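The values are calculated or read from the model by the stated rules, or taken from the named source; none is laboratory data. As the structure is a computational prediction, the values presented were derived from the model and not from experiment. Note: ideal-geometry Cβ built from the backbone for every residue, glycine included; neighbour counts use all protein chains shown. What goes into the accessible areas is simple: the full protein's heavy atoms, side chains included, and nothing from ligands, DNA or RNA. Shrake-Rupley method; radii C 1.70, N 1.55, O 1.52, S 1.80 Å.
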Amino acid sequence: MTIIARVALDLSLDKTFDYLIPPELAGQIQSGSRVKVPFGKRELLGSVMALLDHSPHSNLKLVLKVLGPRPLLIPQVMDLARWMADYYCCPFELALKSALPEAVRKEKSGWRAQLWVRWISPPGQIPKLTGRQREILKRLEEVREIPLKQFLQTTNSTAALLRKLECRCLLEIREKIQERDPYGDDIIIPSAPLELNPEQNAALGAISAALQNPARAGKFKPVFLLHGVTGSGKTEVYLQSIAKTLELGRGAIVLVPEIALTPQTVERFKARFSTGPLQTLVAVLHSHLSSGERHDEWQKILQGRARIVIGARSAVFAPVNPLGLIIVDEEHESSYKQEEAPRYHARDVAVMRGRMEQCVVVLGSATPSLESYYNARNRKYSLLEMTVRADDKKLPLVRVVDMRHEFRKEKGIPIFSQLLKSAIERRLEQCEQTILFLNRRGYASSLQCPKCGYVAGCPNCSISLTYHRQESQLRCHICGHTGQVPDLCPACRNPAIRFAGIGTEKVEEALRKLFPRARVQRMDSDILKRKNDYRLLLGDFRSGKIDILLGTQMIAKGLHFPNVTLVGIVYADLSLHIPDFRAGERTFQLLTQVAGRAGRGEIEGEVFVQSFTPFHPAIQYARRHDFQGFYEQELEFRQQLQYPPVSRVALLTIKGKIEEKVRFTAECLKRELEQRLSPFDGLVMAGPAPAPLARAETWFRYHLMLRIRQMSKLSQSLALELKNFKCPEEVSVTVDIDPVNLM
Ligand code: ADP
Ligand code: ZN
């Protein structure tokens, strides 16, 4: 008899506790159930990890309560969380927390319930009623069932009056759950599968074969890397692969970067599965849902009514069961990496989940990450290539403009080159649309004194403040600190202090001056304040109310506007100068993605890339749409320096308020690790050194970087060593396995 529940509390203790199951709860608690238990003087919530028939501990306390009628965690996801805790060096409870959204894990039921009144046919003899009572019953008989509140209003009666009738069994008042649907107002027009072109067909064929062939004796089901140029019709391949999965009686998860999870994207999936024999609900999970909406979407998945889930990073933990397929669209996107603990990468978690549940994983991208392409080359993944646009549109012509030649003695360097300027003019005349891209918001990136070299910096962080003209203020993009713009240089009192570097606000101003009649819209996180702004602005752009859309990376992804024939990248070098070994890769990806927004309609597209380093390989390969070429030369560079994908990285960040202490701790830690991890072959340790962002939010930061061929064993030892390391009170150490952000 199982009478003991082993519980992981909602605390980060990395430890489980045993509780007795009282007889009245016997049979209601299973592995994965949420329970309330006493802990010291408090009562806490936790997840049941296992049921046991005896415990090594004595004097066990009783489980107080079980939440909900069924376990919220499915065993597969619990296993995945276990793996995650080990691999990413984080407390197990924290991994579980990622797997179960706040909206479903809390004590109070997340359903929205409402009282309804219902008419019931009178049981035999109708008792004597007043005229008013008869009138009310007659009204109810007409509508049969109606929300109580609404009924009270329309009949001008009181709840007490209805309760009286209820006592006499003439009507019924009861709670009904009302499910929220975040897309309930949208009109979905069903879509039929398209006829595939040969490349799409080949891709679908390979994926279908894998779907149909469940785990060939001991072999993992494959992971596919679908490398398809922008517009090659990857989404159609996803849709038809999902249809195959449903036919086989399984469900699917589609991961999309948060930023690309537009209503347009969601509708494409809903439209395909809204009718027909494969009809199912499509659940959507992203951060803009209300807590109630998230709860309802999640429950639809758990109950098996939604067999398809489309969502951002954390949707990889959705309780789809049985799961047949996971798709990771734009797999190279850095937003798949969570930047706080647990620092997991949703793509890598997807691959692991696929392996654990024997399902197919498809990673799709026009610009795969070096890691995934390397795995495909080494036959860890199967490579599927789609080289042409699905609708026979040509890839846009990309021209690189050397901005060094645009320098004018009297005016300095202009924001727009002659070529880009006249290209925009042409689009305005022809009533075609333009997208301009600059990956920096604000007006100017710094305030400098030309005389003494003073730069206005953040008092809390080691970066310069950005000037925002609209609010006429200096702002820190790390900690949000704001300051006034001084009239004189605070250091040498020179009045000729000036702004340097451009941001989207300044480009907007220049556009309005150059093209006074054009309808210009800026789109960055300073503009988008409310939940619906993004949707509304894109709607305006689609319906032609905007001529020029100017924005940050927010507009680089997944948008499909047939009337856009020109894309201009105002300053392509921005992402090249970041102190990160992936700077070239990021730039290549960004340029390719942005360029892919052009020429999606009948007219061929044109792209201008303005740059001060026009011959940089990342820019040149992007210009020629040459991923292979870029990959080859980039891999050579990574091999020379032993960086990923040829190695794995663990990045330790040591933080504290007193720099001396931070440095000292970092050095102690390094010495300790050098000793303890010496059995690891080929382990390279670099640092400690001040992080590129040496100070953030008043914390001094040091880095220690570990590189090794194989990570999984190292990360387990590392977790242990860090647990045992005696860290001074004022200093903290965090570890990031396979880091994406090296700042
Ligand atoms: P990707 O996701 O690879 O960038 P999309 O899936 O958005 O590309 O496809 C680009 C366009 O091509 C879409 O308008 C889509 O409807 C269309 N398309 C996709 N497959 C086909 C096909 N087989 N025949 C005709 N049009 C297609
Ligand atoms: Zn700051």
| request: Kindly provide the set of residues from the range 542-557 that are more than 11 Å from GLU432 (Cα to Cα) and in contact with a strand residue (DSSP E or B) (Cβ under 9 Å, 6 or more places away or on another chain), ordered by number. | output: LYS545, LEU549, LEU550, GLY551, THR552, GLN553, MET554, ILE555, ALA556
| query | Can you name the condition, by its number, that LEU550 falls short on among (1) surrounded by fewer than 23 Cβ atoms within 10 Å (Cβ to Cβ); (2) closer than 22 Å to GLU429 by Cα? | reply | (1)
| request: Taking the residues in the range 189-210 that are surrounded by fewer than 20 Cβ atoms within 10 Å (Cβ to Cβ) and over 30 Å from LYS394 (Cβ atoms) as candidates, determine which candidate is modelled with the lowest pLDDT. | output: PRO190
| message | For a quick check of your reading: which strands (runs of 3 or more DSSP E) sit entirely within the range 135-229 and have at least 2 residues that are within 16 Å of ligand 1 (Cβ to nearest atom) and in contact (Cβ under 8 Å) with a residue 12 or more places away in the chain? | response | 223-228
| field | Failed item, numbered, when ILE497 is tested on (1) without any contact (Cβ under 8 Å) to a residue 40 or more places away in the chain; (2) more than 26 Å from ILE435 (Cα to Cα); (3) surrounded by 19 or more Cβ atoms within 10 Å (Cβ to Cβ) | value | (1)
| said: Tell me whether the range 672-681 contains one or more residues that are within 16 Å of ligand 2 (Cβ to nearest atom) and either touching a residue at least 40 places away in the same chain (Cβ under 8 Å) or of a type in the set (Asp, Glu) (or both). | reply: no
| If LYS164 passes every condition in (1) within 26 Å of CYS359 (Cβ to Cβ); (2) open to solvent by 80 Å² or more (accessible area, probe 1.4 Å) but one, which one does it miss? | (1)
| message | Looking at LEU239, LEU255, can you tell me which residue is free of Cβ contacts under 8 Å to residues at least 60 places away in the same chain and either touching a strand residue (DSSP E or B) at 6+ places or on another chain (Cβ under 7 Å) or buried (at least 20 other Cβ atoms within 10 Å of the Cβ) (or both)? | response | LEU239
| query | Would you call ALA341 surrounded by fewer than 24 Cβ atoms within 10 Å (Cβ to Cβ) and within 16 Å of ligand 1 (Cβ to nearest atom)? | reply | no
| message | Among the residues that make up the range 466-474, is at least one of them without any contact (Cβ under 8 Å) to a residue 40 or more places away in the chain, hydroxyl-bearing (Ser, Thr, Tyr), more than 10 Å from ligand 2 (Cβ to nearest atom) and part of a strand (DSSP E or B)? | response | yes
| request: Find all pairs meeting these conditions: Cβ atoms under 6 angstrom apart; at least six residues apart or on different chains; first residue within the range 346-367 and assigned to a strand (DSSP E or B); second residue among the β-branched types (Val, Ile, Thr). | output: VAL361/VAL223; VAL361/ILE326; VAL361/VAL351; VAL362/ILE327; LEU363/VAL328
| said: The conditions are (1) away from ligand 1 (no atom under 16 Å from the Cβ); (2) open to solvent by less than 40 Å² (accessible area, probe 1.4 Å); (3) at pLDDT below 85, and ILE527 fails exactly one of them. Which is it? | reply: (2)
| query | Quick check: is even one residue across the range 263-280 part of a strand (DSSP E or B) and either within 16 Å of ligand 2 (Cβ to nearest atom) or farther than 20 Å from LEU384 by Cα (or both)? | reply | no
| field | Condition met for PRO516 (over 22 Å from ILE415 (Cα atoms) and at pLDDT 85 or above) | value | no
| Looking at (1) within 16 Å of ligand 1 (Cβ to nearest atom); (2) acidic (Asp, Glu); (3) modelled with pLDDT of 90 or more, which is the only condition ASP392 fails? | (3)
| note | Across the range 281-290, the tally of residues that are part of a loop (DSSP other than H, G, I, E, B) and among the small types (Gly, Ala, Ser) stands at 2
| request: Could you identify the single residue in THR565, THR587 that is in contact with an Asp or Glu (Cβ under 7 Å, 6 or more places away or on another chain), surrounded by 18 or more Cβ atoms within 10 Å (Cβ to Cβ) and not hydrophobic (A, V, I, L, M, F, W, C)? | output: THR565
| Does the range 109-146 hold any residues that are open to solvent by 80 Å² or more (accessible area, probe 1.4 Å) and closer than 30 Å to ASP296 by Cβ, and which are they? | ARG112, ARG144
| task | Note down all Cβ pairs under 7 Å where the first residue falls in the range 686-710 and is over 20 Å from HIS477 (Cα atoms), the second is away from ligand 1 (no atom under 16 Å from the Cβ) and of a type in the set (Asp, Glu), and they're at least six residues apart or on different chains. | result | PRO688/GLU667
| For the range 439-454, which residues satisfy the criterion of being outside any loop (DSSP other than H, G, I, E, B) and open to solvent by 60 Å² or more (accessible area, probe 1.4 Å)? | GLN448
| note | Filtering the range 627-648 for residues that are surrounded by fewer than 18 Cβ atoms within 10 Å (Cβ to Cβ) and either polar (S, T, N, Q) or in a helix (DSSP H, G or I) (or both) leaves a count of 11
| Which residues, counting only those in the range 574-584, are in a loop (DSSP other than H, G, I, E, B) and surrounded by fewer than 19 Cβ atoms within 10 Å (Cβ to Cβ)? | ILE578, PRO579, ASP580, PHE581
| Only one residue in ILE435, ILE424 is of a type outside the set (D, E, K, R), open to solvent by less than 20 Å² (accessible area, probe 1.4 Å) and within 16 Å of ligand 1 (Cβ to nearest atom). Which one? | ILE435
| query | Is it the case that some residue within the range 212-223 is at pLDDT 90 or above and buried (at least 19 other Cβ atoms within 10 Å of the Cβ)? | reply | yes
| query | If a residue has to be open to solvent by 60 Å² or more (accessible area, probe 1.4 Å) and more than 38 Å from the chain's Cα centre (by Cα) to count, how many in the range 4-26 make the cut? | reply | 3
